[in-house]
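See below for the structure under consideration.
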Amino acid sequence: MTDLSNLEAELSAAVAGAADMAALEAVRVAALGKSGSISELLKTLGSMSPDERRERGPLINGLRDRISGAIAEKKAALEAAELDAKLAAERVDLTLPPPPERRGRVHPTMQVQDEMIAIFAEMGFGLAEGPDIEDDFHNFTALNFPPKHPAREMHDTFWLPEDANGERKVLRTHTSPVQIRTMLQGQNDKLPSWIATSQAPPIRIVVPGRTYRSDSDATHTPMFHQMEGLVIDRAIHMGHLKWTLDTFIARFFETPVVETRFRPHHFPFTEPSAEMDVRCDRSGGDVKIGQGSDWMEIVGCGMVHPNVLRNCGLDPDEWQGFAFGFGIDRLGMLKYGMPDLRDMFASDVRWLEHYGFSAFQAPNTATGLS
């Protein structure tokens with residue numbers, strides 16, 4: 001039978017002689033581990049007679065408690081010694097200036113918008129802007145929305161109270177009114193300098209900005225950001241549209257391989273209309289563009305409807321064009337792995353610290369976008 005006094009003396013000496021945490025852990029495993037010397041003694045209690053168990057049990061358990069206490073004391077002593085050594089070696093030079101504290105971060109929406117503008121600028125597109133509050137003509141009528149279209153209803157659109165002239169303005173539901181302002185021939189040019197005014201064809205613009213719709217869930221918010229594009233020229237066709245979108249998607253997602261497809265769709269302001277899908281891989285929780293066997297809708301597009309051209313004073317027999325619209329926030333979610341669109345507008349500085357971008361690294365196509 002094991003001599004408990006000798007075993008205790010041996011283990012106590014090993015604990016006292018442990019020079020570092022690794023050596024102390026080795027002693028603990030040898031004594032109290034699954035196959036340790038004290039653990040093996042505890043296993044023998046089950047095979048003893050009641051009288052033997054009453055005699056040996058307290059002795060073995062007492063040994064276990066004393067060795068555990070000795071290991072805890074040695075661990076505390078080693079940690080204190082390690083901390084003292086660090087404090088002695090690592091000194092702060094108080095004569096040096098403190099490191100800069102970065103407070104500001106670029107919001108992912110603005111980062112993605114700048115990335116998109118950089119790509120389209122390289123492709124020859126100009127930039128146009130317009131007001132967030134629009135009238136019925138620019139937001140609906142000129143864009144070929146029929147009088148009873150659902151988008152004109154309260155459940156889809158935010159309408160403002162009537163003004164002094166009895167007209168109800170609307171929070172724009174898309175940035176397409178800026179396309180109308182750019183194409184509209186003979187419009188009133190006495191507008192603020194930042195609002196797009198009429199431009200004679202050929203036209204090649206992108207229109208970023210806030211838009212508003214009565215919708216809210218994990219992938220929709222009442223206010224979101226959109227970027228539309230418009231090209232008006234002679235002999236424009238769907239091939240030009242597909243090349244433009246394919247080129248943009250490849251540059252934005254920084255992948256050499258892009259496979260897309262058109263699906264027929266309906267928009268009042270384009271004919272024919274389509275939604276473009278891009279091949280992707282959704283396995284593993286991340287969306288990888290340009291590979292896999294899945295498809296994901298990424299942009300709505302089409303050829304500008306002849307009625308829209310006529311409403312803007314352009315002859316559809318002479319001028320043709322295409323238009324497309326991306327959700328800026330949604331592209332940011334896909335590229336940078338943000339799971340919930342609503343978080344982008346929750347004003348949580350911790351979220352922005354995690355997903356935000358440096359203000360000193362403006363995206364450009366030469367040195368990299370993201």
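Here, P(r) means the percent of Cα pairs in each 5 Å bin from 0 to the largest distance; for the stretch 1-78 it is 3, 16, 27, 23, 15, 9, 5, 2, 0. Shown here: Kirkwood radius over Cα pairs in Å, derived from the displayed model; of the candidates (i) 24.8; (ii) 26.5; (iii) 20.8, it corresponds to (ii). Using a probe of 1.4 Å, the accessible surface attributed to THR141 totals some 60 Å² when neighbouring protein chains are kept in position. The modelled label-to-label distance between THR247 and MET223, using points 7 Å beyond Cα along the C-beta direction, is 3.4 nm.
When all protein chains stay in place and ligands, DNA and RNA are ignored, the 1.4 Å accessible-area order of MET276, MET303, largest first, is MET303, MET276. When every Cα-Cα distance of the stretch 150-285 is counted in 10 angstrom steps from zero, the calculated P(r) takes the values 9, 28, 37, 20, 5, 1 percent. When each full DSSP H helix of the chain is screened for a Cα extent of at least 24 Å along its own axis and an average Kyte-Doolittle hydropathy of at least -1.0, the helices passing are 50-89. The Rg/Rh ratio of the stretch 71-203, with Rg taken over Cα atoms and Rh as the Kirkwood radius over Cα pairs, comes to 1.42. For THR270, nonlocal amide neighbours, meaning residues 5 or more places apart or on other chains whose placed amide H falls under 5 Å from its own, are HIS305. For the chain, which span is the longest to avoid every loop-located (per DSSP) member of chymotrypsin sites (Phe, Trp or Tyr not before Pro) having at most 14 other Cβ atoms inside 10 Å? Result for the longest clean stretch: 1-193. Largest first, the residues GLU134, GLU353, GLU297 sort by 1.4 Å accessible area into GLU353, GLU297, GLU134.
Here the chain is scanned for trypsin sites (Lys or Arg not before Pro) in DSSP loops (not H, G, I, E, B) that have at most 14 other Cβ atoms within 10 Å, and the longest stretch holding none of them is 283-370. Shown for the stretch 224-370: the carbon plus sulfur share of the solvent-accessible area, taken with all protein chains present and a 1.4 angstrom probe, equals 52%. Divide the volume of the convex hull around the Cα atoms of the stretch 133-186 by the residue count and you get 89 Å³ per residue.
Taking Lys and Arg as +1 and Asp and Glu as -1, the other residues whose beta-carbon sits under 15 Å from that of LYS335 total -2. When you work out D = kT/(6 pi eta Rh) for the stretch 225-347 at 4 °C and 1.567 mPa s, using the Kirkwood radius from C-alpha pairs as Rh and the Stokes-Einstein form, the result is 83 µm²/s. Other residues whose C-beta falls under 11 angstrom from the C-beta of GLN226 contribute a net charge of +2, scoring Lys and Arg +1 and Asp and Glu -1.
Annotation: per residue accessible area for the chain equals 55 Å², rounded to a whole number [probe 1.4 Å, protein chains only].
The values are calculated or read from the model by the stated rules, or taken from the named source; none is laboratory data. Everything quoted here is computed from the prediction, not taken from an experiment. Cβ: placed from backbone, ideal geometry, glycine included. Neighbour counts: every protein chain shown. Side chains included, ligands, DNA and RNA excluded: accessible areas come from the protein's heavy atoms. Shrake-Rupley method; radii C 1.70, N 1.55, O 1.52, S 1.80 Å.
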